[in-house]
Each structure stands twice: as C-alpha cells, then as structure tokens.
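Beneath this line is the structure, given in structure tokens, with notes to follow.
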Amino acid sequence: MESPIESYLARIHREIADLKDGKPYSTIPAMANVNPDNFGICLTTVDGYIYEVGDTREEFSIQSISKPFTYGLALADLGLDAVDEKVDVEPSGDSFNEISLAEGTGRPANAMINAGALTATSLVKGAGGNTRIKRIVNTYSAFAGRQLSIDEEIFASELEHGHRNRALAYLLRSFNIIEDDPTPVIEDYFRQCSVLVNCLDLSLMAATLANSGRNPMTGNQVMDIVPVERVLSVMTTCGMYDDAGSWISTVGMPAKSGVGGGTISVLPGQVGLAVYSPPLDEHGSSVRGMATSQRLSQDMELHFVRAA
Ligand code: GLN
C-alpha cells in the first residue's frame, strides 16, 4: 500500500514531469545519450523511512555531488586547519568550473567549485596507485550503504574531454596548492565524478549527513560530526554555485547538484532528499531537481527556519 507521503510524492512527480526545460550535460559525450525523461524522487528520514517515486533505481554518474563527500574525507584525514590552509570556505558566486583562486596564494574559494574539489581530492590520504580513489569510493559507499563503482566509459570520456579541469589542476600546482604531480589528482577527480549512483543511494547519502554522519540504514558512523558540520556549512553557502543565494532563500537546505542530473538536499536532524532528472539549467543544476526541491520544501516546511 502506498503511504500518504508516497501518494503526495507521486502527485508532485506527475506535475513536475511536465516541466521540459533544460538539456542534459553534453560536454562529456558518454553522458549525452541519457533519457531526458528519467525522473526520480527519494526522501529518507534519519530514522530510516524511505519514500520513493519514479526512476529511483536508474543509475547515473554522481558528478559534483561527490565534492562534499571527498571534502569531508580530506577534513577527516587532515583536520580542519590543514585543509583550510589549502581551500577557503567563501562562496565564490561563480559557476562550477570558474577559476576562483585567491590572488597571490592561489587558494580556491571553496571545495564545491572544481578548483577546490580538485584540491580536496589531492588532500585525501593514499599510499599511491589506486589507494586514494579506493578510499574515496569506499567512503561514498558507506554513506550510501552499498558498494558503489566507477563507470569506466564516463571516466574515459572525462579523461579525453576534461581539458578545463586539467588546466585548473596545473594552475593549482603552480601555486603549490596541489603539492605533487597533478596528473593522478586529475584522474582520481574524474574517477570520483564517474561513480555510479541512483536516486535512492543519493537520498541515503543525504540522510547520513542529516543524521550527523551515521547511516540510518546500516547504523554505521561513517564520518565524524566535525567534518559533517563543516561539509553542511559549505554546502549551505556554496553548494549551488552562482545560484546559492536564491536556493537558500527558496529551499532553505544545504544542497549539492551534479551535472549527471542529481540534486541532494539535507535537513539536519530530519531528512535527506534526492532528485534525479538529467536536463540542466544554465548553472548546471537539474531543472526538475530545483523545482521539486522548492516544492517539497514549501509543502513539507523543510526550510531550516520553519523546520526549527
Ligand atoms: N565532472 C564535471 C566537471 O568536473 C562535474 C561538474 C558538475 O557536476 N558540476 O566539470
């Protein structure tokens, strides 16, 4: 039997499915052939209730939704101060692939834009080879509560076409923000963007952040509260890039979008929300993801001011 929340979600899903604006990401050719009608909504509460409607089991690449989790892992590895020396916590107001490096030092504005995300990847501990990316994927997996893997075709396509990210990583190397050879960093960043998730995984990842780092399904404490608190702070101010101000006004939750079509929102202490729909707006965020998050926030009073 469908619960009242699921009937409500099904109604919102039907209404917002009519929204046909935006286009799937095409810079990475392996991502361009996705079905633009794919649309899933999944809500997971911190006490482990899951409500889902639509294409919640369809897999797609996590893309920039990887950034807060890798940033959290770098913070857990090195502590806040060491990471802060390399990546600032200020909203840049710029788009995700903007250069946004501080004059003189080259420190990226925050870990949600690509420059800061590449830096965060470089800070995650590893012992060479694939050890760093393994720790990154295992961390995402612990958040999702199942083993995730990398889509090799998307990874290969990122490697071939991600020229701007390569340029950014070399620029960061020139400022000594990235301290070693940028090539493995770029590759690990492309791999982390190519991790396959579905809408259910993302809602569990969001709910784990909402639950102070404890996965509501597995019960495992997958990240300490200190990095979780920092991650949610930076998602609040920077997660939606140049749309962050309008997002926090209308939705009122820390959030992160990705060009794969995923969007997550986190209401601390309560729920994690994930939406999947590939067509993107001019900021690289999902059009239906934005509309659904706004609608649910209003109807269910999820804005952090109301929910308090
Ligand atoms: N792989 C993409 C990039 O680095 C991710 C960007 C995004 O999802 N906003 O350009």
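The values are calculated or read from the model by the stated rules, or taken from the named source; none is laboratory data. Predicted model only: the values in this text are computed from it and were never measured. Please note: Cβ atoms are built from the backbone with ideal geometry, for glycine as well, and neighbour counts cover all protein chains shown.
See the values below:
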quantity	calculated
Failed item, numbered, when Pro36 is tested on (1) more than 16 Å from the ligand (Cβ to nearest atom); (2) touching a residue at least 40 places away in the same chain (Cβ under 8 Å); (3) under 26 Å from Leu232 (Cα atoms)	(3)
Some residue of the stretch 146-159 being under 30 Å from Thr44 (Cα atoms), more than 16 Å from the ligand (Cβ to nearest atom), loosely packed, with under 14 Cβ neighbours inside 10 Å and polar (S, T, N, Q)	yes
Residue match in the stretch 112-125 (condition: surrounded by fewer than 20 Cβ atoms within 10 Å (Cβ to Cβ) and either in contact with a Leu (Cβ under 7 Å, 6 or more places away or on another chain) or modelled with pLDDT of 95 or more (or both))	yes
Where a residue in the stretch 158-179 is under 12 Å from Ser122 (Cβ atoms) and at pLDDT 95 or above and its partner, wherever it lies, is among the small types (Gly, Ala, Ser) and within 12 Å of the ligand (Cβ to nearest atom), with Cβ under 6 Å and at least six apart	Leu168/Ala115
Test: Ala291 is touching a residue at least 24 places away in the same chain (Cβ under 8 Å) and part of a helix (DSSP H, G or I)	yes
Residue within the stretch 273-280 that is buried (at least 24 other Cβ atoms within 10 Å of the Cβ), more than 16 Å from the ligand (Cβ to nearest atom) and closer than 25 Å to Asp21 by Cα present	yes
Spans of helices (runs of 4 or more DSSP H) in the stretch 189-265 with at least 2 residues modelled with pLDDT of 95 or more, surrounded by 24 or more Cβ atoms within 10 Å (Cβ to Cβ) and within 16 Å of the ligand (Cβ to nearest atom)	199-210, 225-238
Glu85 being more than 26 Å from Ala207 (Cβ to Cβ) and either within 16 Å of the ligand (Cβ to nearest atom) or not in a helix (DSSP H, G or I) (or both)	no
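Each row is one residue, and each column tells you yes or no for (1) away from the ligand (no atom under 16 Å from the Cβ); (2) over 18 Å from the mean Cα position of the chain (by Cα).
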| residue | (1), (2) |
| --- | --- |
| Gly104 | yes, yes |
| Arg107 | yes, yes |
| Ala115 | no, no |
| Ala120 | no, no |
| Val124 | yes, no |
| Thr131 | yes, yes |
| Arg135 | yes, no |
| Ala144 | yes, no |
